[in-house]
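Read the structure below first, then the notes.
The values are calculated or read from the model by the stated rules, or taken from the named source; none is laboratory data. Keep in mind that what you see is a predicted model, and the values were worked out from it rather than measured. Every residue, glycine among them, receives a Cβ derived from its backbone with ideal geometry; neighbour counts consider all protein chains shown. Just the protein is used for accessible areas: all its heavy atoms, side chains included, with ligands, DNA and RNA removed. Shrake-Rupley method; radii C 1.70, N 1.55, O 1.52, S 1.80 Å.
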Amino acid sequence: MEFVAGPAVHRVLCADCGTPIVPNSANLCVACLRNTIDITEGIPKQASVSFCRNCERFLSPPSSWTLAKPESSELLAICLRKLKGLSKVRLTEAHFIWTEPHSKRLRVSMTIQKEVLTNTILEQTFEIEYLVQHGQCPDCAKLAAKNTWKALVQVRQKVPHKRTFLYLEQLILKHNAQKDTIAIKEVRDGLDFFYSSRSHALRMLDFLASVAPIKSKSSEQIISSDIHTSTANFKYSYSVEIVPICKDDLVCMPLKQARSLSNISPLTVCIRVGNSIQLLDPQTLQNCDIPAQIYWRSPLDSLASVTDLIEFTVLDIEPDHTKKRGKFILADAQVALGGAFHSTNGDIARDEGMMDYESSGLTNQVFHTRTHLGAILQPGDTALGYFLTNSNYNSDHFATLPASRIPDIILVKKSYPNRRKKSKARNWKLRSIAKEAGEDGETSGARGAIGRMGGRDQKKVEQDYELFLRDLEEDPELRSGINLYKAPEVTMAAPDAAERGAGRGKKKAQFAMDVDEAAPAELVRPTEAVGVDEEEESEPDFPDVKLDELLEGFDEMTLGGGDAHAEEENASI
């Protein structure tokens with residue numbers, strides 16, 4: 001085969017160093033061209049970025065603050081936006097170079113291209129160092145200055161307990177509705193939410209309307225005005241009232257209103273409170289749904305609440321499976337008061353501590369009633385209900401009811417007294433929103449949104465919190481709307497160590513309201529952890545929370561100006 005030579009390549013000598021090169025318009029090699037022309041001229045090699053330590057946001061020019069993680073694309077975009085002169089070159093590649101987290105330095109490697117001569121494009125890689133300057137964003141500066149809010153949402157419910165707000169707190173956490181809140185203050189009948197913008201308050205108002213039946217009123221107060229530009233600054237206040245009816249409350253409606261609601265019985269039990277109220281007649285399983293708009297046209301009050309519930313023992317029950325509605329089955333039950341048919345044996349002190357109906361012979365009486373709990377009640381179970389025969393209600397609507405339509409007893413829910421006597425640790429826990437210090441009655445800085453006022457009211461809040469936890473355990477539908485987290489592991493203690501620990505003082509309640517503090521692992525006696533009681537056996541159908549319902553990563557939350565430890569634990573809102 002004959003060899004064919006390729007075309008000749010003409011080369012010239014570099015004008016500076018004399019190296020043979022392919023001819024170009026400058027007649028210079030790449031090294032001499034870079035020494036002669038610097039395409040990075042006009043681009044600063046050092047710059048600074050502003051970082052707010054309170055909210056962990058970076059200043060994105062010109063005036064917006066953006067949340068960006070270290071070495072993220074958002075942070076890289078902020079760094080590139082800080083440079084002048086990038087518009088005159090072509091950026092082909094940029095990435096972070098690792099630095100020590102405490103060095104307050106960011107290093108970025110960049111590769112740019114630029115046409116220096118005719119048909120001659122030069123590429124160059126260089127580094128830029130950024131100094132992280134700590135400061136405060138305008139929102140955090142307003143929070144630190146105190147009383148600089150622009151909008152206020154006042155949530156109230158006129159009931160003697162806090163269980164509604166405990167559940168509302170969990171709904172707010174699940175939907176992250178607290179992200180724009182700058183402070184929370186607890187007052188007598190509810191909570192106050194403070195915001196730096198009116199739009200944030202309106203967003204909270206829409207969220208409350210979607211989870212609870214409410215009515216709201218708005219007002220505004222002028223702070224300053226400019227007559228030359230016709231502008232003014234206002235503070236906006238929104239008053240929100242939640243219906244005073246809660247789950248398991250006994251409700252008595254006027255006869256006219258009951259007829260308008262599908263002719264339901266005037267005496268009903270509230271089975272659910274969402275953005276509407278659901279009432280159930282336990283005698284017929286007829287239910288009705290009352291939206292917030294209809295409720296506030298003719299408001300109702302609860303005839304009795306869960307604090308008026310009395311324990312009853314189920315002697316016999318006959319469910320009628322032909323009459324059922326959802327999870328409820330109508331049944332005829334025979335019940336007696338809890339601890340019925342007991343003998344006092346002449347114990348005078350016991351007789352003096354009895355209630356009136358316990359000493360009047362009603363304890364030995366068997367009551368016949370109809371209940372909607374035929375699916376879960378068995379003979380020998382304990383149920384909580386309203387004892388209408390021995391109650392006196394200050395209600396005109398209840399007084400107008402004919403005696404034939406008032407049952408002796410209305411059972412509301414099943415109870416588990418044997419299991420409640422044991423101090424078995426729960427395997428789940430709830431998060432809490434911390435809040436700013438209130439003005440009156442404040443205690444420590446590690447309280448949640450509920451239970452900060454302290455004093456005599458604190459014991460009542462702890463009782464409401466325990467009742468709220470029991471409601472979550474016994475109602476899967478209720479806890480499906482919130483987030484439950486795995487509790488820290490419980491360590492087993494030796495019996496002698498447990499005895500020594502018991503002698504030092506009263507042990508703090510396991511689920512006290514100050515869950516924002518990192519609590520040490522509890523020491524539980526082996527007999528308590530196993531849950532074995534030699535005298536009484538636990539109920540076999542006790543509603544334990546399953547592990548697949550729990551979430552990992554329990555972390556505490558604070559709001560704004562908490563302590564330094566809470567800020568280091570990434571717990572700011």
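If you go through the stretch 197-206 and keep only what is in a helix (DSSP H, G or I), within 23 Å of CYS55 (Cα to Cα) and open to solvent by less than 50 Å² (accessible area, probe 1.4 Å), you end up with HIS200, ALA201, MET204. Within the set GLU477, GLU462, GLU473, the sole residue that is part of a helix (DSSP H, G or I), open to solvent by 70 Å² or more (accessible area, probe 1.4 Å), modelled with pLDDT of 65 or more and on the phi < 0 side of the Ramachandran plot turns out to be GLU477. Note on the stretch 315-337: residues that are within 37 Å of the chain's Cα centre (by Cα) and surrounded by 15 or more Cβ atoms within 10 Å (Cβ to Cβ) amount to 4.
Taken together, the criteria place TRP65 among residues that are touching an Asp or Glu at 6+ places or on another chain (Cβ under 9 Å) and closer than 30 Å to LEU143 by Cα.
When GLU2, GLU41, GLU56 are checked against the criterion of being within 20 Å of LEU91 (Cβ to Cβ) and of a type in the set (Asp, Glu), GLU41 stands alone in meeting it. Residues in the stretch 117-161 that are crowded, with 16+ Cβ neighbours inside 10 Å and over 30 Å from ARG57 (Cβ atoms): LEU122, ARG156, GLN157, VAL159, HIS161. A search for C-beta distances below 7 Å between a residue of the stretch 74-99 that is under 18 Å from SER48 (Cβ atoms) and among the charged types (D, E, K, R) and any residue that is at pLDDT 90 or above and surrounded by 13 or more Cβ atoms within 10 Å (Cβ to Cβ), counting only pairs 6+ apart in sequence or on different chains, returns LYS82/ALA47; LYS82/VAL49. Applying the set (1) surrounded by 14 or more Cβ atoms within 10 Å (Cβ to Cβ); (2) within 28 Å of the chain's Cα centre (by Cα) to CYS252 leaves exactly one unmet item: (2). Inclusion of ALA232 among residues that are closer than 20 Å to LEU143 by Cα and aliphatic (A, V, I, L, M) is not warranted.
For every residue, the table says whether it meets (1) at pLDDT 85 or above; (2) among the aliphatic types (A, V, I, L, M); (3) assigned by the TED database to the domain that holds LEU117.
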position	(1), (2), (3)
ILE21	no, yes, no
ALA26	no, yes, no
ARG34	no, no, no
SER64	yes, no, yes
SER72	yes, no, yes
ARG90	yes, no, yes
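Residues that are assigned to a loop (DSSP other than H, G, I, E, B) and at pLDDT 85 or above within the stretch 119-136 comprise just one, GLN136. Taking first residues from the stretch 102-130 that are among the β-branched types (Val, Ile, Thr) and partners that are open to solvent by less than 30 Å² (accessible area, probe 1.4 Å) and at pLDDT below 85, the Cβ contacts under 6 Å between residues at least 6 apart in sequence or on separate chains come to VAL116/LEU122. Annotation for the stretch 64-76: no member residue is open to solvent by less than 20 Å² (accessible area, probe 1.4 Å) and among the aromatic types (Phe, Trp, Tyr). Evaluate the stretch 300-318: report whether one residue or more is of a type in the set (A, V, I, L, M, F, W, C), more than 21 Å from SER415 (Cβ to Cβ) and not in a strand (DSSP E or B). Yes; the residues of the stretch 300-318 include at least one that is of a type in the set (A, V, I, L, M, F, W, C), more than 21 Å from SER415 (Cβ to Cβ) and not in a strand (DSSP E or B). Selection of the stretch 266-290 for residues being in contact (Cβ under 8 Å) with a residue 24 or more places away in the chain, part of a strand (DSSP E or B) and open to solvent by 40 Å² or more (accessible area, probe 1.4 Å) yields ARG272, VAL273, GLN286, ASN287. Residue count for the stretch 20-72 satisfying the condition of being within 30 Å of ASN119 (Cα to Cα) and in a loop (DSSP other than H, G, I, E, B): 17.
For ARG259, the conditions (1) part of a helix (DSSP H, G or I); (2) open to solvent by 50 Å² or more (accessible area, probe 1.4 Å); (3) not assigned by the TED database to the domain that holds ALA399 are fulfilled apart from (3).
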